[in-house]
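Working notes, structure below.
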Amino acid sequence: MAKKASRKASANTGRGGEPHQNVSGDEQYLTTNQGVPIADNQNTLTAGPRGPQLLEDFIMREKITRFDHERIPERVVHARGYAAHGYFETYDCHSNLTKAAFLQDPKVRTPVFCRFSTVAGSKGSPDTARDVRGFAVKFYTTEGNYDLVGNNMPVFFIQDAIKFPDLIHSVKPAPDRDFPQAQSAHDTFWDFVSLSPESMHMLMWVMSDRAIPRSFRMMEGFGIHTFRMINAKGKVTFVKFHWRPKLGTFSLIWDEAVKISGADPDFHRRDLWQAIASDDYPEWELSVQTFTEAQAAKFDFDVLDPTKLVPEELVPLTPLGRMVLDRNVDNFFAETEQVAFCPSHVVPGIDFSNDPLLQGRLFSYLDTQLSRLGSPNFHQIPINQPRCTVANFQRDGQMQMDIPAGRVANDPNSLDSGVPRESHEHGFQSIAVEESGQKLRMRPESFADHYTQARMFWISMTEPEQRHIVGGFAFELGKCHEPKIRRRMLGHLKIIDGKLARQVATKLGMNESDADPIKPAVKVGECRPSSPLSQYAAPPESLSGKKIGLLTTDGVEAKLYNALLKAAKSEKATLEVIAPTIGSIATSAGKEVSPDHFVTGAPSVLFDTIVIAPAAQHADKLTSMAAAVDWLRDAFAHLKIIAFTEPATPIFELAGMAMDADEGLVNLSEQTVNEYVAAARSFRIWEREPLVR
Ligand code: HDE
């Protein structure tokens, strides 16, 4: 097994290598990859000071060749992602449900590596694009690696894996012009999904706030497919996996997301990195919905259909344990880029179902790793290495890192003693399910209802959430140039809900009668709202994990500044100071403060709530800046809680805004900081929205 690369070394020290040192051991040498010390890393070998370069310069050639080969193919989907290390702790012994080792002992901490991602955009695309987010967790268990490769939405666009390349080609940039990047708002995507009614439920999720999360730390995660668990006695249970964030589930507003894409394309990764770097570790609870095959047979949808969810009113969540992310990666490429998730990586106690999307995924991920990482030995890359013994007779291949000893590479054998043997008792055993039937290409009839759960999602939303869904559809369809696509989609929306279709039609300048007549394959069923689907029906009132932006100037009132700092700390929020320039300012008590940002570099979209508190004698520094006025206007338009002091009055005047427009505007002094914090916990003033948009 590889020795861990030295954490202290900043240079590439090679596999298990120590930094090269001089004889006295106090200095680190730069070397070639062969370990030869380098005397000059600034100049290529030439014939004379102004002469041609010499081919024999192995140092220059090695360095440039290595550079030329730095990139590996980015992931074909989920290319843009960010990850962190952490651990998983089970609350209890879940032996009634599963024999999986990591779910037995509450005293055991199982290491995890968790990668969040967008789906459509390439590696350099902005974090806040409207998209599904990947939520992939690798558990390094004592019985091998278990990968739970999920998303932040509980359903998917398609029912059969064979449609995946078409779905992804439709959302990716068009092959002739190579745009648009990281966007679904274009003809090919809407043409494809409007011709695939099975996408309707997922489209409701993707047009909702869920597709523009506030933070990875404030996102739910779902395994989507139905899986099976089996316990030591052979009892089998169907399960659906859910991750719920401790901070609650929050989202951006579309206009905010668009502006953040420009102001900070790394918004989500920066947020996760900063939280972990400042020891504010994000946490999620892992739960399952459990049901038997007999129960599943009574549901009015098929649990093998990945476009359906199991409402929590039907099957409540059973909490299993918690995941904490507490360590940023040391090297993005080595860890985040090279991590290889595969839904086929399961451990004894967990098994698959016949969900046709899952079955296709079981093939795809291993195959993609071979293309991306280039070798069947990808499991030997440190981030992919199991933390338990790996012992078998597979051998050779590109980049073999181990040096297996002995003459035997076959099983069974009687030539070597002490070689690994299969174990019926401990080994992974597929659940012995009986399967029979004709060989055919056919979608089951039980998958035919594409509208009932889409409607359930719609009627479960609060009014603001419904507004945003309408806005999402109108924006995306408005970007389609083909009127027939809009007409077709309107036909689908009419089946989901009349009000939804009417509102989208109005925003598109269409009439309901423009909708294509579409006949559902089966009658749309009755459904009731399911409250856990709404993010804002009962959100946690909390500032935890959120960011307060304080726009101020030199001479900021010291007592107020200290009170805000204290409040932020006790709320587990962050206070960041924004000043006219990045140069130091001093409080009224003379204490030096280094601003975190200057106002043109940090628009208010980067903060959850804002305070505008310039010193009276320097307020003109802000009023002379258009960015400061936009700061206020945007925060108001994004429904944020805004606190201000008297010297901020001219900024309100320039913005043409009243200082008492609603209860989200708080006149701030050292004494009213608590009042402001209480208001800010509510996150947004939804009643303001119809007035500003
Ligand atoms: Fe993936 N998916 N996917 N997917 N997926 C990949 O594997 C694929 C699907 C998901 O952070 C690829 O390593 C097929 C559903 C995540 O590294 C690839 C189908 C769900 C990640 C692939 C699906 C996901 C991927 C690309 C249709 C939610 C990122 C690179 C059957 C449950 C993992 C890679 C990471 C990545 C194939 C559908 C989640 C090509 C064929 C449904 C979170 O193998």
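Nothing in this text is a laboratory measurement; each read-out follows from the coordinates by a stated rule. Predicted model, so just to flag it, every value in this text is computed and none were measured. For neighbour counting, all protein chains shown are included, and Cβ atoms are generated from backbone atoms with ideal geometry for every residue, glycine included.
Using Cα pairs closer than 8 Å and at least 6 residues apart in sequence, work out the relative contact order for the chain, in percent. Intermediate results must be reported in sequence, preceding the final value.
On the way: 1287 pairs, mean separation 76.4, N = 693.
For the chain, the relative contact order is 11 percent.
Relative to 2.2 N^0.38 Å, what does the C-alpha radius of gyration of the stretch 240-355 come to as a ratio? Two decimals please. Its radius of gyration relative to the 2.2 N^0.38 Å reference: 1.39.
How large is the dipole of the chain about the Cα centre if only Lys and Arg carry +1 and Asp and Glu carry -1, each at its Cβ, rounded to the nearest 20 debye?
On the way: 76 positive and 87 negative charges, 180 e Å.
Dipole magnitude for the chain comes out near 860 debye.
Which part of the stretch 308-337 falls in the paramagnetic zone of I431, meaning amide N under 19 Å from the point 7 Å along Cα-to-beta-carbon? Inside the label zone: 308-311, 315-320.
If Lys and Arg each add +1 and Asp and Glu each add -1, what is the summed charge of the other residues whose beta carbon sits under 12 Å from the beta carbon of T32? Please list the in-between numbers first.
On the way: positive: R61, K63, R66; negative: D57, E62.
Once positives and negatives cancel, what remains is +1.
Taking a straight line from the alpha carbon of K233, these lysines sit under 29 Å away, with near neighbours fewer than eight places off in the same chain left out: K99, K107, K138, K298. Descending by average beta-carbon neighbour count within 10 Å, the peptides 517-527, 669-679, 243-253 line up as 243-253, 669-679, 517-527, the highest first.
The label-point distance for V522 and T389, in a model that sets each label 7 Å from Cα toward Cβ, rounds to 5.1 nm. Since only V108, Y536, P420 are under comparison, the one whose Cα sits farthest along the positive direction of the charge dipole of the chain, derived from C-beta charges on Lys, Arg, Asp and Glu, is P420. Taking label points 7 Å from Cα along the Cα-to-Cβ direction, N96 and N33 give a separation of 5.6 nm.
When peptides 121-130, 217-226 are ranked by their average number of other Cβ atoms within 10 Å per residue, the highest-first order is 217-226, 121-130. Once the Cβ-Cβ distance of M399 and A537 is raised to the sixth power relative to R0 = 30 Å, the FRET efficiency obtained is 0.05.
Does the chain classify as rounded, prolate or oblate by the C-alpha gyration tensor (a ≥ b ≥ c root eigenvalues; a/c under 1.5 gives rounded; else a/b over b/c gives prolate, otherwise oblate)?
Values: a/c = 1.67, a/b = 1.11, b/c = 1.50.
It comes out oblate by the Cα gyration axes.
Starting with the highest mean, order 63-72, 381-390, 453-462 by the number of other Cβ atoms within 10 Å, averaged over the residues of each peptide. Show your work: numbers first, answer last.
Numbers: 63-72: 10.6, 381-390: 16.0, 453-462: 22.1.
Listed from highest to lowest mean packing, they are 453-462, 381-390, 63-72.
Residue separation times 0.36 nm, minus the C-alpha to C-alpha distance between S570 and S417: what's the value?
Working: separation 153, 0.36 × 153 = 55.08 nm, distance 6.18 nm.
This chain segment gains 48.9 nm when fully extended.
Out of the GluC sites (Glu not before Pro) in the stretch 295-339, which ones are loop residues according to DSSP with at most 12 other C-beta atoms within 10 Å? Before the final figure, lay out each step's value.
Details: sites: E312, E313, E335, E337; in loops: E312, E313.
Passing both the DSSP loop test and the Cβ count: E313.
Bridgeable lysines around K499 (alpha carbons under 24 Å apart, same-chain partners fewer than 8 residues away excluded): K308, K479, K484, K507, K519, K523. Taking a straight Cα-Cα cut-off under 23 Å and skipping sequence neighbours fewer than 8 places away in the same chain, the lysines within cross-link reach of K559 are K546, K547, K569, K572, K591, K621. For a test of the definition: using alpha carbon positions, the gyration tensor, and the 1.5 limit on a/c, classify the stretch 356-478 as rounded, prolate or oblate. Prolate.
Set the Förster radius R0 to 56 Å, insert the Cβ-Cβ distance between A232 and D330 as r into 1/(1 + (r/R0)^6), and round the FRET efficiency to 0.05. Spell out each step's value before the answer.
Details: r = 38 Å, r/R0 = 0.68.
FRET efficiency, A232 to D330: 0.90.
Relative to the 2.2 N^0.38 Å rule of thumb, the stretch 62-384 has a C-alpha radius of gyration ratio of 0.98.
Please report the equivalent ellipsoid semi-axes of the stretch 451-533, computed as sqrt(5 x eigenvalue) of the Cα gyration tensor, largest first, in whole Å.
Working: eigenvalues 91, 54, 16 Å².
Semi-axis lengths for the stretch 451-533 are 21, 16, 9 Å.
The calculated 222 nm mean residue ellipticity attributable to helices in the chain amounts to -7500 deg cm²/dmol, summing -39500 (n - 2.57) over DSSP H runs of n ≥ 4 and dividing by all residues.
May I ask you to derive the FRET efficiency for T44 and V408 from their Cβ-Cβ distance with R0 = 45 Å, giving the value to the nearest 0.05?
Between T44 and V408 the formula returns 0.35.
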